[in-house]
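Encoded as structure tokens, the structure appears first; notes follow it.
What follows draws every value from the coordinates through simple rules; no lab data is involved. What you see is a predicted model, and the numbers here were worked out from it, not measured in a lab. Glycine gets a Cβ as well: all are built from the backbone with ideal geometry, and neighbour counts include every protein chain shown.
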């Protein structure tokens, strides 16, 4: 069994790029990819070890954060002018995908090296895909996984656009371009009241004005 999802989780943040966002809105699907593509090879090797132990042919994943946005999230997962953040209503998203075959999801647990090296502690195989090294704890990651023995290279999951609470575009995107993108995204969602904003992470006028008084 996968780790149980926490009912206290209200949102799931997906830090990604504008092309991925456009694809999601157009097709109404989230694409899960092979963890072999991940930059963190510690993470990749754990997933490969899990697949071997469970005799699974394929495993696909998509990662979210269940905490607040940080500079780390933006720099690591949504850097540059095309970076964006999709905030999902956790309950709506997870309920919409719960009948997906081979689905597992849950919070990631962060472990120190000394913890996993202790000989008297047995590592639970089922928790391996949801275990990550301690230095990454600031990510507050939540993973959705799909296990499959089919000959495929990715896995799509249908999602309702109503599960998206808001979309935030990188502050690094020039304002005139952002205004154009915002109009286009509003059209894709089909809702003029859609919450589409530009990040204020690197320059927040309210914060700055408070110190200028």
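Report note on the peptides 205-211, 110-116: ranked by the mean count of other C-beta atoms within 10 Å, highest first, their order is 110-116, 205-211. Per-residue ellipticity at 222 nm computed for the chain from its helices equals -9000 deg cm²/dmol, with DSSP H segments shorter than 4 residues left out and the rest contributing -39,500 (n - 2.57). The mean sequence separation of alpha-carbon pairs under 8 Å and at least six residues apart, normalised by the residue count of the stretch 71-137, gives a relative contact order of 29 percent. How high is the relative contact order of the chain, in percent, counting Cα pairs under 8 Å that sit 6 or more residues apart? The value is 31 percent.
Quote to one decimal, in nm, the extra length available between residue 127 and residue 195 on full extension: 0.36 nm per residue of separation minus the C-alpha distance between them. In short, 20.9 nm is gained. Taken along the Cα-to-beta-carbon direction at a fixed 7 Å, the label points for residue 98 and residue 36 span 3.4 nm.
Relative to the longest principal axis of the Cα atoms of the chain, the long axis of helix 41-54 lies at roughly 50 degrees. Note on the stretch 1-105: Cα Rg divided by 2.2 N^0.38 Å, N the number of residues, gives 1.14. For a test of the definition: using alpha carbon positions, the gyration tensor, and the 1.5 limit on a/c, classify the stretch 15-62 as rounded, prolate or oblate. Oblate, because a/c is 1.5 or more while a/b does not exceed b/c.
Principal-axis analysis of the Cα atoms of the chain puts helix 175-189 at an angle of about 60° to the longest axis.
Taking N as the residue count of the stretch 11-212, its C-alpha radius of gyration divided by 2.2 N^0.38 Å amounts to 1.12.
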